[in-house]
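In what follows, a single structure is set out as structure tokens and then discussed.
The values are calculated or read from the model by the stated rules, or taken from the named source; none is laboratory data. Because the structure is predicted, anything quoted here is derived from the model rather than measured. So basically every Cβ, Gly included, is an ideal-geometry build from the backbone, and we count neighbours across all protein chains shown.
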């Protein structure tokens, strides 16, 4: 999924192989004769650059990713109190079920997409799944039939490896967002369950509140660490999604007179659209549940003992929860539904301008 100290040699081999793959496809761009062929090659090259950027970035931050995953796991393994354990376990089971189901759906959807791309030479004029130029004309089946078969197998292998690598990298990133949102929901449950405690037992109340405050600080630290570790991938996500959605939609409209070609680009557009949606919905969940902490803390404040120290600590939680907490990489906007709609509006504006210039 991502590199660590035990797999650096294998990762370096992947880097070299993928860089060679990019060189062969970029070298073939000058042979494109129309917008459709050029657009298709640009989409593949943009996707490869996107993958390589994420891969390189996580390659140098693998230890921090390990630390982040371990700290999230430690939060889930904390012993829960009896008055809130059932509801918390229910939240954890729900998130596990949803994330597992989404992972399976993405896996099968991507498998169908890989099958479609791998069989392009069967029902199109393409000689390879990806338009590329190799040394000594190895990509030409008429001149080198055996070398062409090897190149075809290599491209299919690279397609499978890279697409699943991208899937696992994105699932790692996005599901960390989901886990942060789940911990925010758990924090809200812990705060609301403070009303079940005996408010006359000040020592017990202070002990529970201190534990919740520490848990809140852990979550804030995890959000900050996540934004730091995935700074590069989040920037690339915004840039590449904007480019892929705009370009694939534009090419599908240009090729609208050829339904089979237009359908391929529409499929690519839908996948890019869903990909961006997945990131933004997960980021929006973190932002939304972070604001809910303030409401839960206010409920706890109403039931708290009339002790200045306790009320001060709860007021501090309320004040901190009212500050925006989001997943994002400056100077780009955070990953939430507001940014999602802004990206779609910009894509529509650029698409309209490109179509007017084409006419």
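Of all the listed residues (274, 335), the sole one being within 26 Å of residue 176 (Cβ to Cβ), at pLDDT 80 or above and assigned to a helix (DSSP H, G or I) is 274.
For the stretch 228-263, a residue qualifies if it is farther than 19 Å from residue 353 by Cβ and either surrounded by fewer than 17 Cβ atoms within 10 Å (Cβ to Cβ) or without any contact (Cβ under 8 Å) to a residue 60 or more places away in the chain (or both), and the qualifying residues are 228, 231, 232, 257, 258, 259, 260, 262, 263. Does any residue of the stretch 142-156 turn out to be modelled with pLDDT under 75, surrounded by fewer than 17 Cβ atoms within 10 Å (Cβ to Cβ) and out of contact with any helix residue (DSSP H, G or I) (no Cβ under 7 Å at 6 or more places or on another chain)? Taking every residue of the stretch 142-156 in turn, at least one turns out to be modelled with pLDDT under 75, surrounded by fewer than 17 Cβ atoms within 10 Å (Cβ to Cβ) and out of contact with any helix residue (DSSP H, G or I) (no Cβ under 7 Å at 6 or more places or on another chain).
Of all the numbered requirements in (1) surrounded by 17 or more Cβ atoms within 10 Å (Cβ to Cβ); (2) in contact with a helix residue (DSSP H, G or I) (Cβ under 7 Å, 6 or more places away or on another chain); (3) modelled with pLDDT under 85; (4) not in a loop (DSSP other than H, G, I, E, B), residue 329 misses one, and that requirement is (4).
Among the numbered conditions (1) within 30 Å of residue 302 (Cα to Cα); (2) crowded, with 17+ Cβ neighbours inside 10 Å; (3) modelled with pLDDT of 80 or more, the only one that residue 211 does not meet is (2).
With respect to the conditions (1) at pLDDT below 85; (2) assigned to a helix (DSSP H, G or I), residue 289 falls short on a single one, namely (1). Evaluated against (1) free of Cβ contacts under 8 Å to residues at least 12 places away in the same chain; (2) in a helix (DSSP H, G or I); (3) farther than 19 Å from residue 284 by Cβ, residue 224 falls short on exactly one condition, (3). With the structure loaded, tell me whether residue 356 is more than 26 Å from residue 209 (Cβ to Cβ) and more than 17 Å from the chain's Cα centre (by Cα) or whether it fails that test. Spelling it out, residue 356 is indeed more than 26 Å from residue 209 (Cβ to Cβ) and more than 17 Å from the chain's Cα centre (by Cα). Pairs meeting the criteria (first residue in the stretch 87-102 and more than 11 Å from residue 186 (Cβ to Cβ), second residue part of a helix (DSSP H, G or I), beta carbons under 6 Å, at least 6 apart or on different chains) are 99/175; 99/178.
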